[in-house]
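Coordinate-derived values only; no laboratory data. Since this is a predicted model, take the numbers as computed values, not measurements. Using ideal geometry, Cβ is built from the backbone for each residue, glycine included, and neighbour counts are taken over all protein chains shown.
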Amino acid sequence: MRSEQLESIVGLLRDREEAGPTTVEEWRVAYDKLGSLVPPREDVPVEPADGVRGEWIGAGSGPVVVYVHGGGYCIGSLASHRPMLTHLAAATGGRVLAVDYRLAPEHPFPAALDDAVAAYRHVIAEHDPRTVVIAGDSAGGGLTVATLIALRDARDPLPAAGVCLSPWADLTQSSATIMSKADVDPMVRAGDLDRWAAAYAGAAERSRPEVSPIVGDLAGLPPLHIEVGTAEVLLDDARRLATRARDHGVDVTLYEGEDLVHVWHFFAGIVPEADVGVRRVADFIGAAVAS
């Protein structure tokens, strides 16, 4: 049973559906406003990153998380995800590099992937890759896997693990729950996914592994931790990604949150399920780096 706090968020999201944004710019403003509902941790410092697109969150000596935010590759920003990431940095006892990758439609594929790869390389120039994890939510979850594939193919040192929260890993929209969960998902709609997919893919085929990593060769990737709610249209994206990774020999943990919504971790600090989720992710990161 969902907490009262989460039910309130779901109600807010349902109200947004009635008169939601239409243009990309309106979507971007709305997403940043959604993030502003969550108070950041005041004890976690935030500072601009030198030499890379992004900002550093946290000052601990623990793991380093290279984080690529969600938003369909078209919306989302440092501002939208900063509050959640202050909670993640505090939970890991380390630092988070929030990557300010370029957005579509102004910058279609491969801009986001190029920026994520560049951010990771920037980090491992100063940090042992065995202390680094790549993570992301929604589109950022898919981008996490695409980044890992690109790094493996380029023979870069790989990070200790990858974390995918409600990953959007198939931009061809082939997952059955895109339609079967449409009535219960208060945040993500099939029509919006089609719009974002077209904007991001641009001239590239959506079935390319670099765009839809769920169809890629995942052999040799580091351990993956995947979380998804059962009340979201991307449920099958997460399940299929976990199955394919396991089939390719990757160590995978899949957590399915009963009746939880898309990237519920976003609301850490005001929703108890989100606080528990961030703690679970931090525990995985800590164990991955320790091993």
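Brief remarks on what is shown
- Per-pair calculated FRET efficiency, R0 = 30 Å: VAL29 and ARG121 via Cβ, rounded to 0.05: 0.40
- Debye, to nearest 20: dipole size of the chain, +1 on Lys, Arg Cβ, -1 on Asp, Glu Cβ: 500 debye
- Efficiency of FRET between ASP15 and ALA182 - r from beta-carbon atoms, R0 22 angstrom, step 0.05: 0.80
- Low-density loop cleavage sites - trypsin sites (Lys or Arg not before Pro) in the stretch 122-221, where at most 11 other Cβ are within 10 Å (DSSP): ARG155
- Loop-exposed GluC sites (Glu not before Pro) per DSSP, neighbour cap 13 Cβ within 10 angstrom, longest uninterrupted part of the chain: 127-204
- Hydrodynamic radius of the chain by the Kirkwood approach over all distinct alpha-carbon pairs: 18.5 Å.
- Restricting the calculation to alpha carbons of the stretch 172-231 gives Rg and Dmax of 13.5, 37 angstrom.
- All Cα-Cα distances of the stretch 39-103, cut into 10 Å bins from zero to the largest, leave 25, 55, 19, 1 percent in each bin in turn.
- Annotation: extensible slack from GLN173 through ARG189 equals 4.6 nm (criterion: 0.36 nm per residue apart, minus Cα-Cα distance).
- The orientation-averaged shadow of the Cα convex hull for the stretch 198-257, equal to a quarter of the hull surface, comes to 4.5 nm².
- Gain in span if fully extended, ASP153 to SER36, counting 0.36 nm per residue against the direct Cα distance: 38.3 nm
- Packing-based exposure ordering (other Cβ within 10 Å, fewest first) of SER175, SER138: SER175, SER138
- The stretch 269-291 residues near the modelled ASP128 label - backbone nitrogen below 19 Å, point 7 Å along Cα→Cβ: 284-291
- Kirkwood-Stokes translational diffusion coefficient of the stretch 42-189, alpha-carbon pairs, 10 °C, 1.306 mPa s, µm²/s: 102 µm²/s
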